Amino acid sequence: MPESAASKFHGEQNAVPVAPNVPVDPSVNTWSRFISTFEASEFTDWVDESLSWKKTCYIGDWSPLLKMRVRGPDSKAFFEYLSTNHWPNFQPNQAKHAIFCRDNGTIIGEGVLMMLDHDDFIFTSVPGVTWAVYQFHHGNRKFNATIDIVSND
C-alpha cells in the first residue's frame, strides 16, 4: 500500500508539528499556528473558505479547544447574558454559534454552544471559555447554575 502524503509529512525528522486530525496538503504554502501545532491556513482561497459556512459547508475540528459545562436553572440565561445572541427556539440536542462581547462592543470570544438539556450546556472555545468562567465568578450578575471545565472529557 503506498504511503500517503500525510504519513510522509508526519514521518520526516524535522517536519513542522502539524495537527494530527487536519488533512496535510504538501502544496499548501501558508500555515497558521494552532495552540502547539500548525494547520494549513487555506486549501483553496480565503474568500471561498470564509464564505463556506454560508454558501456550502464548513467542517472544522474544535476538539483541542477548551470546553466548559454549565448546569442549572439559569444556565441558558447565563449564556444569553454573555452573548450577543438570543435563542428563543433553542432546543436540546441543538448547537448554536455564541459570540461574547465586552460592554464596549468588542468581541472577547466566540464558540459553539451545545444544549444537552434545558438546563445543561457545553460551550467550546478558548477565549470564550476564559471570559465565561471569569464572568461567572466575578461578573456583575449571579446565576443559579454550576460551571465545570470538562476539556478532557
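Couple of notes before you dig in:
- Modelled FRET efficiency - R0 22 Å, HIS137 with GLU80, Cβ distances, 0.05 increments: 0.75
- Cβ-derived FRET efficiency at R0 35 Å, ASP103 paired with TRP46, nearest 0.05: 0.65
- Each peptide in 43-56, 70-83 receives the mean, over its residues, of other Cβ atoms within 10 Å, and ordering these scores from highest gives 70-83, 43-56.
- Shape descriptor for segment 66-149: Rg over Rh equals 0.91 (Cα atoms; Rh from the Kirkwood inverse mean 1/r).
Read-outs throughout are calculated quantities, based only on the coordinates presented, and are distinct from any laboratory measurement. Owing to the predicted nature of the structure, the values given are computational and were not obtained by experimental measurement. As a convention, Cβ positions derive from the backbone with ideal geometry for all residues, glycine included, and neighbour counts pool all protein chains shown.
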